[in-house]
Every structure is written in C-alpha cells, then in structure tokens.
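To start, the structure itself, in structure tokens.
The values are calculated or read from the model by the stated rules, or taken from the named source; none is laboratory data. Model, not experiment: these values are computed from the prediction. Counting neighbours? That spans all protein chains shown, and the Cβs are built from the backbone with ideal geometry, glycine included.
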Amino acid sequence: MTPIIGFAGYSGSGKTTLLEKLIPLLKQQGLRIGLVKHSHHNIDPDKPGKDSYRLRHAGCDQTLLATKSRHMLYFEYTDLKRDEPALAECLAQLDHNQLDLVLVEGFRDETFPKIEIHRPAYGKPLLYSNDEHIIAFTTDEIVQAKQHCKLPILDLNQPQDIADFILTWLGTSKTKQHYCPSCGEASLAFQPPKVFCCDTCDFTYFHNAAAAVLAGICYKDEILVATRSREPGKGMLDLPGGFVDPDESLEQALARELQEELDFIVHDAKYTASYPNTYRYKNIEYKTCDTFFVITLDEKPALKARDDVEKIEWIRLQDIELNNFAFNSAKQAIQRLKDQASK
Ligand SMILES: [Zn+2]
C-alpha cells in the first residue's frame, strides 16, 4: 500500500487551498500523487443529457468512461441506508503501482497519519488533543500554537515548509514503517524470522513455513524432471509437486499435484525425506518445508505436461546437472537419490 497522509480540519480551515499549493510542490520532487477526498454532498460531475450520463442512469452499477487522456470510474450506490464510505474501501480503488503518496481530505475519524489545519480566527476546537494520529499542526498563528502544541508546528502560509515536512516523513516511512492490515496504522513491525506484530492493535501474523510436496518418479536409473512454466524459476528444472492446500494431507497434496501437472495417478508413493526451501513469489519470501516422496515404476506411463509444467523429460540420474534446478530442496532430493544409486 502507498503511504497516506491526511489533512484534518473543520470546513473553512483551508484544506483544499493548502492541498492545491502542496500538490505541485510534491510533484516537483517526482512523487506521483493520489488523492482521496470525502464529501457529504451528492456529487455527480456527469451532466444530464450526455451519453455517459444516459447510460449510467439506464442502470449500470459501475461505469468506466475512458479517453486517451483520462478515465473516470463511477460506482453507483443506491442503498439509502449505506454508511459513509470507509477510507480503506476508497484506497482500494486506486492503482497503487502508479502512486508514491496518497493525500487524504476528510475521513477525520479514521486512524491514519494526519496534519491538523487550524485557524484560530474561525473559532473551531482543536483536534490533535483527541487524535493521537495527528503528527503535525499547521496554522496561521504560529506563536499562539507554540503555547499549547508539542507537535511539529508548520506555517500554513509556507506550503514549502509543509511539503518539506511531508517529504521527510515519507522518507522515514519508506524505510521504517509498514502498515497494519488490521487497523491501517503504520505500526507493523517484523520480528525475524517470522512474526509480524502491530504495536497499535496487537495484530499478530506468523509467517510460518508452508508445507509442500516433491515427487521423485523413477524408472530404472531415470527420473522424471519438469521444466517450470512460471516464475519463480521459469524455464528451470524442478521435480513435480507443489504446495499443500489448507485441509489437505501430504499424500492428498501429492496425488492432486501429480494429477494436475502430469495427469498421473499415484499408487505407491514412499515418504523419503524433507528439505527446507525458500520460494520467492512476487517479492514475498515464502519459507517452505518440502517433503520428498519417491515413486518407483515398472514401466513408463503416458504423461502430459500441464499446469505450471512447461515440459517433462526422463533423465538418467547420473546425467542430471543440479545447477539447472530452480530450488535447493529438489537439488538435495536428487542428490540423495544419486548417492543411493552410487552405493
Ligand atoms: Zn494494527
């Protein structure tokens, strides 16, 4: 998720005016900026009579209006009892691959980092004393603010100072902060080797080793070797097998994987050993415990390469080059068979 920072202040405090000045300053630093704004008004930027308006009002629940320079996505919520939108729901609509920072206006009661905007002349109450997620205070009365506020105080009339504060905060957040999937706070800490823990809400996640199965399908002095059709290790060699699904036994996982990948029905698989492995998928490192089963055949069956297997081939154990294998667990399993065969 992209870092988010909000601007909290009563209506009339100048949130939109400040954002309008801040956005170009942040863009100058090369940041790609997203914005989520909450409104209590029933906004419809579409105009009655336009084609898009007519089609939406014909009953579409979602409409995407696409042009070369812009697209607009409309979701229609007709349930009058629907709650006000939640911030997480709104953030999920953005394409975070194309953003470096999301600015949020409104959603004052939600828990995420915010900068309070306060103009004493408007006579509204202060927010920071009741919201521990306010990380800075910006005002047009600096001297007065210093008497009551211990937070970093920023001059509302110096948008560059506010932009600099955000850039510093962002630099820190990039290196140190992780957002909690439960409460949304930037307080998720990783305790190696496997625990993620949130200081705010006590959310705890154990990134335990996942179970997986590997099959050594052998015929005389040959073993069946697969070429991977997908990352990680696309194009490299592997043994047939895969992850154990929830509520499956190792034997069931083995039977399912070999059926899916090879159209092979397992009869007599013998548990032989297990090996720890590291499987990096889309930048997440999964530690696995790969269990190795050996299946010895009297004749070569008709097999088909399917699913995440590009092709299959029978290779004599003594001819196998272990460096062509994607994973250490399969290398160790084959080395074990090589050692046994040479005895
Ligand atoms: Zn949390």
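Results, tabulated for the structure shown:
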| item | result |
| --- | --- |
| Test: residue in region 269-292 that is modelled with pLDDT under 95 and under 30 Å from Glu132 (Cα atoms) | no |
| Filter pass, Thr200 being closer than 30 Å to Glu110 by Cβ and either assigned to a strand (DSSP E or B) or outside the structural domain of Thr291 (by TED's automatic domain parsing) (or both) | yes |
| Residues that are closer than 18 Å to Gly12 by Cα, out of contact with any Gly (no Cβ under 9 Å at 6 or more places or on another chain) and in a loop (DSSP other than H, G, I, E, B), drawn from region 110-131 | Gly123, Pro125, Leu126 |
| Total residues in region 31-72, condition more than 18 Å from Ala92 (Cα to Cα), of a type in the set (Ser, Thr, Tyr) and in contact with a Lys or Arg (Cβ under 7 Å, 6 or more places away or on another chain) | 1 |
| Every pair of residues 6+ apart whose Cβ atoms lie under 7 Å, when the first sits in region 295-311 and is under 17 Å from Cys218 (Cα atoms) while the second is of a type in the set (Lys, Arg) and surrounded by fewer than 12 Cβ atoms within 10 Å (Cβ to Cβ) | Ala305/Lys311 |
| Residue among Thr168, Thr200, Thr204 that alone is over 29 Å from Gln29 (Cα atoms) and either away from the ligand (no atom under 16 Å from the Cβ) or buried (at least 16 other Cβ atoms within 10 Å of the Cβ) (or both) | Thr200 |
| Test: residue in region 211-234 that is of a type in the set (Val, Ile, Thr) and within 16 Å of the ligand (Cβ to nearest atom) | no |
| Hey, Ile315 among the aliphatic types (A, V, I, L, M), crowded, with 18+ Cβ neighbours inside 10 Å and touching a residue at least 60 places away in the same chain (Cβ under 8 Å) or not | no |
| Region 170-194 residues that are within 21 Å of Ala210 (Cβ to Cβ), paired with ones that are more than 15 Å from the ligand (Cβ to nearest atom) and modelled with pLDDT of 80 or more (beta carbon under 9 Å, 6 or more apart) | Phe190/His207; Pro193/His207; Pro193/Lys287; Lys194/Phe206; Lys194/His207; Lys194/Asn208; Lys194/Ala209; Lys194/Lys287 |
| Meets criteria (among the basic types (Lys, Arg), more than 32 Å from the chain's Cα centre (by Cα) and part of a loop (DSSP other than H, G, I, E, B)) for Lys146 | no |
| Unmet criterion (only one of (1) away from the ligand (no atom under 16 Å from the Cβ); (2) loosely packed, with under 14 Cβ neighbours inside 10 Å; (3) outside any strand (DSSP E or B)) for Glu261 | (2) |
| Complete set of residues in region 64-83 that are under 26 Å from the mean Cα position of the chain (by Cα) and either surrounded by 10 or more Cβ atoms within 10 Å (Cβ to Cβ) or among the basic types (Lys, Arg) (or both) | Leu64, Arg70, Met72, Leu73, Tyr74, Phe75 |
| Tyr271 vs. criteria hydroxyl-bearing (Ser, Thr, Tyr), more than 20 Å from Asn323 (Cα to Cα), more than 20 Å from the chain's Cα centre (by Cα) and away from the ligand (no atom under 16 Å from the Cβ) | yes |
| Extreme residue, farthest from His207 (Cα to Cα), among residues of region 274-301 that are hydrophobic (A, V, I, L, M, F, W, C) and more than 28 Å from the chain's Cα centre (by Cα) | Leu297 |
| Residue within region 40-61 that is in the same structural domain as Phe165 (by TED's automatic domain parsing), among the small types (Gly, Ala, Ser) and not in a helix (DSSP H, G or I) present | no |
| Any hit, region 87-99, residues being under 29 Å from Val143 (Cβ atoms), in a loop (DSSP other than H, G, I, E, B) and in the same structural domain as Asp140 (by TED's automatic domain parsing) | no |
| Lone unmet requirement of (1) modelled with pLDDT of 95 or more; (2) aliphatic (A, V, I, L, M); (3) more than 17 Å from Leu322 (Cα to Cα) for Ala215 | (3) |
